[in-house]
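Participant: This is the structure, below, for whatever I ask next.
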Amino acid sequence: MRRPAARTLSLVVRSVTGRRSACLRSARKRLDRGFAGVPPVADDTPVTCSRGDEDPDALTEIGHARLDEFGETGDERVLAAAVAAYERAIEVLPPGEEQWTFLSNLGNALREVYEASRDRTALDRAADLLERALHGLSSEDADRAVVLDNLALVLRDRSGDLGYLDELRKAAELHRDALAAYGDGPERAR
């Protein structure tokens with residue numbers, strides 16, 4: 001049975017590239033049709049910009065919608081579609097653009113894959129992606145706490161799966177670092 005909407009992860013939902021373009025508006029329109037507006041899982045039609053390129057922000061929006069749908073249905077095909085959207089967003093990200101939010105979102109989706117299937121390779125890949133996302137942030141970045149917390153959750157899962165005490169210690173350390181980085185903000189209660 002799938003757990004309710006409460007999640008133990010945070011998705012970064014803002015547009016990193018800062019482009020609130022027609023591409024993102026187009027994706028939002030698609031998200032407003034049908035179930036959350038996302039085409040059926042069988043529909044592999046890419047979200048495109050007027051210039052013909054797929055837009056990473058629009059693909060991310062589709063990934064978020066798919067992940068939400070997975071949370072409601074537990075359908076692993078929908079989860080696979082979310083992962084595919086996040087992966088494609090990274091692939092089409094223009095050179096030189098900040099990657100950390102895209103890496104973080106994919107890492108979190110892969111953690112969901114692990115929770116659904118106990119696929120250890122998904123969890124290992126999630127850890128790698130979240131570590132890369134963390135390295136893309138400065139120690140002063142306000143979003144660092146979210147990535148620290150999500151990486152801690154992945155390490156905690158790995159320690160529980162394999163019984164590695166070092167992973168559990170590292171997870172606890174990252175949770176402490178995240179707590180300190182959250183300060184007194186509303187995310188501190190996570």
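Participant: Between Glu54 and residues 5 or more places away or on another chain, which pairs have amide H atoms under 5 Å apart, with H built 1.01 Å from N, and which residues are they?
Facilitator: So Glu54 has HN proximity to Cys49.
Participant: R0 = 30 Å: FRET efficiency of Glu98 with Ala172, Cβ-based, nearest 0.05?
Facilitator: Efficiency, rounded to the nearest 0.05: 0.55.
No value in this document is a laboratory result; all are computed from the given coordinates. Computed from a predicted structure; not experimentally measured. Ideal geometry is used to build each Cβ from the backbone, glycine not excepted, and the neighbour counts take in all protein chains shown.
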